[in-house]
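The values are calculated or read from the model by the stated rules, or taken from the named source; none is laboratory data. Small disclaimer: the values here were computed from a predicted structure and weren't measured. Quick reminder, even Gly has a Cβ in these numbers, built from the backbone with ideal geometry, and neighbours come from all protein chains shown.
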Amino acid sequence: MKVCMLIPNSKYERGIALYGEELSAAISNTNVDIELVTYKPGSFFSLLKAFFKSKNYDIIHIQHEGRLFGRVDGVYFILGLLLFFFRKKVVTTMHTVHTKETKIYSINPILTTIKRKVFHPLHRQIINIISDKIIVHTEFLKKELINSSNINPSKILVIPHGAKSIHLPSKKESRQKLSLSGNIYLMIGNIGHVKGFDIIVKQAKKIDGTIIIFGSASGPLNHAYLNDLEKYVAKSNIKNVIFKIVNIDEYNGYGSLWWYYFRAADLVLMPYRLMSTSGIFINAMEAKVPVVCSRSEYFEEISRNYNCLKICDNDKDFPEIIKKAMKEHSSLYKGVGDFFKKNRIENLAIKYAELYNTLA
């Protein structure tokens with residue numbers, strides 16, 4: 001049995017690509033013959049080339065998130081037809097499930113309507129047709145997928161997003177390297193409106209500690225958003241917000257600044273306006289840092305099982321919730337450890353190996 005995992009190239013998309021690499025490595029340790037096949041997100045010819053390469057394997061495991069397959073998901077339909085033609089066993093991990101109720105931030109309302117009413121429903125049907133098994137990371141995504149499609153529930157499996165055991169610098173070492181002290185709060189990753197960093201920035205003067213914004217802004221809309229943030233901080237004379245803007249290549253890898261900033265932080269702040277699941281949250285768990293976040297079904301589900309985060313219902317309450325999280329830091333830190341033990345990627349890899357064996 002030969003398995004390939006189809007993922008985007010990490011030079012163009014960090015989160016899902018690195019997760020695919022880590023998961024593939026963990027699965028290979030279970031004696032499964034698995035290899036990576038990569039493509040450039042949004043590039044039809046790159047995806048087509050990767051797809052033809054994947055026909056040499058018995059099982060194709062797609063790490064799927066719609067935007068990776070092109071601005072309009074039509075590319076995926078072509079791939080679906082090819083997969084059906086090759087008659088391969090297919091496992092699709094859906095990192096997002098878009099329904100009619102799912103919020104979509106777009107500058108083009110007409111395109112948004114077309115996506116909701118046409119492309120997303122068709123997309124789910126194509127995934128249903130070509131996939132022998134569909135993986136989602138949470139129970140609420142399984143319910144959304146069932147309620148928004150005619151997919152047989154027995155085809156859908158819930159396997160959590162795995163957390164990897166890695167050797168990281170200590171908190172003291174990280175703060176020394178970055179010249180940081182006091183209470184440190186981190187907002188990290190791709191900077192854009194949906195991440196809600198402005199919600200924290202506009203209340204920064206009410207927050208006791210240093211707020212670090214570390215990451216990159218991809219595309220004109222995100223660049224404009226970042227520029228507005230920087231101008232607001234300067235105009236408002238906010239002293240406790242620090243920007244560390246880097247190229248995506250500068251924070252790949254476990255020895256990079258990415259992890260030094262995680263380890264230096266007391267809390268990771270995630271005031272997201274829109275999300276389904278979150279690789280940043282998993283990174284926080286790997287770095288052993290509690291989270292303060294906006295309310296979402298994803299965080300609600302985690303909160304019911306682990307005391308590793310604090311949820312903020314109203315944007316204006318973030319300063320108070322952050323203060324409460326710092327007072328309860330030791331118990332939240334223990335909750336992070338509980339989450340990590342239960343969701344180790346090495347343990348989840350065994351479930352994937354068992355799944356592949358049932359399909360072989």
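What the table shows:
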{"quantity": "In the range 1-41, the residues that are under 13 Å from Ala353 (Cα atoms), surrounded by 20 or more Cβ atoms within 10 Å (Cβ to Cβ) and either of a type in the set (Gly, Ala, Ser) or free of Cβ contacts under 8 Å to residues at least 24 places away in the same chain (or both)", "calculated": "Ser24, Ala26"}
{"quantity": "The range 107-143: number of residues that are under 29 Å from Ala50 (Cα atoms), modelled with pLDDT under 80 and not in a helix (DSSP H, G or I)", "calculated": "0"}
{"quantity": "Meets criteria (closer than 29 Å to Leu274 by Cβ and at pLDDT 90 or above) for Thr30", "calculated": "no"}
{"quantity": "Residue among Ile191, Ile211 that alone is among the β-branched types (Val, Ile, Thr) and either closer than 24 Å to Ser10 by Cα or at pLDDT below 95 (or both)", "calculated": "Ile191"}
{"quantity": "Residue in the range 287-299 that is nearest to Lys202 (Cα to Cα), counting only those that are among the small types (Gly, Ala, Ser) and touching a residue at least 60 places away in the same chain (Cβ under 8 Å)", "calculated": "Ser294"}
{"quantity": "Filtered residue count, the range 148-170, keeping only those that are out of contact with any strand residue (DSSP E or B) (no Cβ under 9 Å at 6 or more places or on another chain), in a helix (DSSP H, G or I) and either among the hydroxyl-bearing types (Ser, Thr, Tyr) or touching a residue at least 24 places away in the same chain (Cβ under 8 Å) (or both)", "calculated": "1"}
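Here's the yes/no breakdown for (1) in a helix (DSSP H, G or I); (2) in contact (Cβ under 8 Å) with a residue 60 or more places away in the chain; (3) out of contact with any Pro (no Cβ under 9 Å at 6 or more places or on another chain):
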residue: Met285; (1), (2), (3): yes, yes, yes
residue: Glu301; (1), (2), (3): yes, yes, yes
residue: Arg304; (1), (2), (3): yes, no, yes
residue: Ile311; (1), (2), (3): no, no, yes
residue: Asp317; (1), (2), (3): yes, no, yes
residue: Glu320; (1), (2), (3): yes, no, yes
residue: Lys324; (1), (2), (3): yes, no, yes
